[in-house]
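Asker: Next up is a structure, given as structure tokens.
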Amino acid sequence: MEIILTGMSHKTAPVEIREKFSLPKETLGEFLKQLAELPGVQEGMILSTCNRVEILAVVEEEKNGAGKLMDLLAGIAGLESKELAPYLSMRENEEAVKHLFRVTASLDSLVIGEPQILGQVKEAYRQAVANKVSGIILNKLLHRSFFVAKRIRSETKIATQAVSVSFAAVELAKKILGPLNDKGVMLIGAGEMAELAARHLLSQGVKEILIANRTPSRAAELAQEMGGQAIPFADIPGKLKEADIVLSSTGSANYIIRKEQLAGVMRARKNRPIFFIDIAVPRDVDPAINEIENIYVYDIDDLQGVVETNKEERKKEIQRAEEIVQQGVENFRRWLSSLEVVPTILSLRHRLDKIRQGELEKTFSFLKNATAEERRVLNLMTQAIINKILHHPISLLKHQEKREQGKLYVDMIRKIFHLDEEDEEEFTA
Amino acid sequence: MNIIFFQAALVVYLFGTAFSLAYLISLRKFFSLAGKYTLFGGFIVHSCALVWRYAEAGYTPITNLHESLSFFSWSIVGVYLVLQLKYRVEVLAAFVSPLAVVLIILASLFPKEILPLAPVLQSFWLPIHVVLAFVGNAMFALAFAAGVMYLIQERQIKSKKIGPFYHRLPALKVLDDLNYRCLTLGFPLLTLGIISGSVWAESAWGSYWSWDPKETWSLITWFLYAALLHGRLTVGWRGRRAAIFALLGFGILVFTFLGVNLLLTGLHSYN
């Protein structure tokens, strides 16, 4: 059995490729079913957000599971898998587990620590459960990943730092533009962080929100959610006249807003200031635009610079988060290896034998004048009882080992006999 | 007696300024309120000084450098007290009150005796002309303070080096509005000041305009503020450029007021 994870994110693929994967909720179930039907796939899940699409699957060994997942991904986007290959990352077993933990904990996000991703992973998992493609491994893996994400959120400061980035952006907007209640906002790209910041701006009572996105359906969806107006991507330069705050997060390879576009805009605006918040990496807004009078351009590094005077501290927090991830991976690995039949049989025997030994000693302490022979007989008898009790469970485990449900039996037995001492979150998750 | 009030006003202004600066540093609400009310108290005392002097002299006491500087200082504090009602910019006092204090200290350095009024100044135009001119100047002084604050704040935001002033200073928009408001109030006053002076000159000196240095420099000041107003209204000058203009304008205005009197001689020299 192997855990494989394949997909792409803002780190591996340009937006032109990523946007082909934007999956409406309704069709996700369809692809989950296709995933489940792939030969050798036992469990699976599809995570699709604005910045990433990833497929996580538990597959039988040596059936080229990765290749099949790639074909499925290509199918979603309507591409050939050959075209897709350069943009995909492929991870197996521990690497896959670690990646999932990092994604869920928002360590792999555009804005590290942004809170949206945990909800998105939960939703992806919920879909997998609803479509009955998750099983014992995925259930455990996802619960572990939520646990790790929550630990990181409460034990490190990366989450508060992300929130404060969006807070700092709004604060800056107010320092430049004064009260925001009569201001216009333009969102370019409709990613998670953009949405978060936009909601923050909405709570300040901005007058209107224009939303431009490469995928118009997503723009329309977000516009409806926030009471804004979707505009075509091509209209961005023309609409800059109306926008006092421009929040860009497309992650396109080239600048979306170039310096020469703004000369006319500023004339038309009679130099009313514009505040560009560029949270895309690579940047969407030419930083040279900051040189124009009455225009202020802040990219994500600038904002982070505003928030924390101390970059070292931030690095330290991320380091701590990575350590927590590593611990999570380690725990999961231990759990996974415990699902092997032979070690389970051994520890089951060991456990019962310990009980037997303990009880035997107690009994001997009452029978002070028992002979050596009597002791030997008692010893043999208790051993025989244990063997009789264990006979059926063990043959069942051995019998089921090669079957799909084998892990389930192993897991059940480990729970019933409490073979894993430190499985603290098991009951709470 | 007016001198005692004058000196009391000076001391109270000093305290007001100290409180205002303490607020700028500590951001403690107490200092903000203390600064504002102390300046208000100083303004009352200062007003008493002016009224007393008017009673003692028998004419509007804005005829020599001591009186002019004192009145200018009074006007700035007065204009600040009025404008802060609309623009709730708490740190404004820290930028305006030092200006008023410097002016009133300067005033205290010049001879304070009440002298008989020169015959040429004995006119009902005297109060009209000088009050218009100085209240207008006070507006420009506030525009100057707003401009300084704007440039500090703008520099921080533009360079992305967020220093201690970032949180203390208000939004750029507010400072720019304040600058604009002072300009739209100060410019008509300056214009009327020049016109009233010109009318008075016609009756006193026999000519509306005689290119005396004060007149010339007032005209330069007027043109500069006119250019700024025009730029603001038609091509949308604002922000940094407007702030720099406000600084420049105030610099020329101070020269028109002090430099001309101290360095050049002309019809407006009465010392």
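Taken together, the values in this text are just the output of simple stated rules run on the coordinates, not laboratory data. All values derive from a computational prediction rather than experimental measurement. Here Cβ is always computed from backbone atoms with ideal geometry, including for glycine, and neighbour counts include all displayed protein chains.
Asker: What Kirkwood hydrodynamic radius, in Å, does region A:32-122 give when the mean of 1/r is taken over all pairs of distinct Cα atoms and then inverted?
Answerer: Radius from the Kirkwood sum: 14.0 Å.
Asker: What are the principal axis extents of the Cα atoms in region A:334-423, in Å, biggest first?
Answerer: Taking the Cα atoms of region A:334-423, the three principal extents are 53, 28, 15 Å.
Asker: Count neighbours as other Cβ atoms within 10 Å of each site's Cβ, and list the GluC sites (Glu not before Pro) in region A:65-171 that are DSSP loop with at most 13 such neighbours.
Answerer: Sparse-neighbourhood loop GluC sites (Glu not before Pro): A:Glu80.
Asker: Take the residue pairs A:Lys174/A:Lys207; A:Lys239/A:Lys270; A:Lys175/B:Lys161; A:Lys11/A:Lys239 and return only those whose Cα atoms are more than 20 Å apart.
Answerer: A:Lys11/A:Lys239
Asker: If you don't mind, another one. How large is the dipole of region A:334-423 about the Cα centre if only Lys and Arg carry +1 and Asp and Glu carry -1, each at its Cβ, rounded to the nearest 20 debye?
Answerer: 240 debye
Asker: Okay, moving on. Looking at the calculated P(r) for region A:2-161, what percent of the C-alpha pair distances fall above 22 Å?
Answerer: That fraction is 37 percent.
Asker: Now for a different question. What is the magnitude of the charge dipole of region A:165-307 about its Cα centre, with +1 placed on the Cβ of each Lys and Arg, -1 on the Cβ of each Asp and Glu, and no other charges, expressed in debye to the nearest 20?
Answerer: About 440 debye.
Asker: Moving on. Can you give me the angle between helix A:406-416 and the longest principal axis of chain A, using Cα atoms only, in degrees from 0 to 90, rounded to the nearest 10?
Answerer: For helix A:406-416, the angle is close to 70 degrees.
Asker: Further, regarding this structure: When you look at the Cβ of every residue in A:176-187, what mean number of other chain Cβ atoms sits within 10 Å?
Answerer: The mean count of partner-chain Cβ atoms within 10 Å per residue comes to 2.
Asker: Further, regarding this structure: About the Cα centre, and with charges only on the beta carbon of Lys, Arg (+1) and Asp, Glu (-1), how big is the dipole of chain A? Nearest 20 debye, please.
Answerer: With Lys and Arg at +1 and Asp and Glu at -1, about 640 debye.
Asker: Give me the Å³ per residue figure for the convex hull around the C-alpha atoms of region B:43-95.
Answerer: Enclosed volume per residue, from the Cα hull, is 80 Å³.
Asker: Could you check what % of the DSSP bridge pairs in region A:191-319 are antiparallel, to the nearest 5?
Answerer: The answer is about 0 percent antiparallel.
Asker: When the scattering of region A:128-190 is computed by the Debye formula from its Cα atoms alone, each counted once and equally, what is log10 I(q)/I(0) at q = 0.20, 0.25, 0.27 Å⁻¹?
Answerer: -0.86, -1.03, -1.08
Asker: With the calculation restricted to Cα positions, what are the radius of gyration and Dmax of region A:165-307 in angstrom?
Answerer: 13.5, 36
Asker: If one takes the longest principal axis of the Cα atoms in chain A, at what angle in degrees, from 0 to 90 and to the nearest 10, does the Cα axis of helix A:341-366 lie?
Answerer: Helix A:341-366 sits at roughly 50 degrees to that axis.
Asker: Something else about it: Which is farthest toward the positive dipole end of the protein assembly as shown among B:Leu248, B:Leu24, A:Val206, measuring Cα position about the Cα centre, with Cβ charges +1 (Lys, Arg) and -1 (Asp, Glu)?
Answerer: B:Leu24
Asker: Another question about this same structure. Express the C-alpha Rg of the protein assembly as shown as a ratio against the empirical globular expectation 2.2 N^0.38 Å, rounded to two decimals.
Answerer: 1.47
Asker: Let me ask something additional. May I ask which residue of A:Val377, A:Ala194, A:Gly44 lies farthest towards the positive end of the charge dipole of chain A, with charges of +1 (Lys, Arg) and -1 (Asp, Glu) on Cβ and the Cα centre as origin?
Answerer: Result: A:Val377, furthest along the dipole toward the positive end.
Asker: Evaluate Rg over Rh across chain B, taking Cα atoms for both radii and Kirkwood's formula for Rh.
Answerer: Rg divided by Rh gives 0.98.
Asker: How charged is the neighbourhood of A:Ile355? Take every other residue with its Cβ under 13 Å from the Cβ of A:Ile355, and add Lys/Arg as +1 and Asp/Glu as -1.
Answerer: Counting the neighbours of A:Ile355, the net charge comes to +2.
Asker: Within a 10 angstrom radius of the beta carbon, how do A:Arg267, A:Arg102 rank from fewest other beta carbons to most?
Answerer: Result, fewest neighbours first: A:Arg267, A:Arg102.
Asker: Mind ranking B:71-78, B:41-48, A:199-206 by how tightly packed they are, going by the mean number of other C-beta atoms within 10 angstrom, highest first?
Answerer: Taking the mean over residues of other Cβ atoms within 10 Å, the ranking is B:71-78, B:41-48, A:199-206.
Asker: Counting other Cβ atoms within 10 Å, which GluC sites (Glu not before Pro) in region B:11-120 have at most 12 and lie in a DSSP loop?
Answerer: Here the GluC sites (Glu not before Pro) that fit, given the DSSP loop and packing criteria, are B:Glu113.
Asker: May I pose another question? Just need log10 I(q)/I(0) for region B:187-271 at q = 0.19, 0.25 Å⁻¹, Debye formula, equal scatterers on the alpha-carbon atoms, no solvent, rounded to two decimals.
Answerer: -0.87, -1.21
Asker: Ok, one more. For the protein assembly as shown, what proportion of DSSP beta bridges, expressed in % and rounded to the nearest 5, is antiparallel?
Answerer: 45 percent
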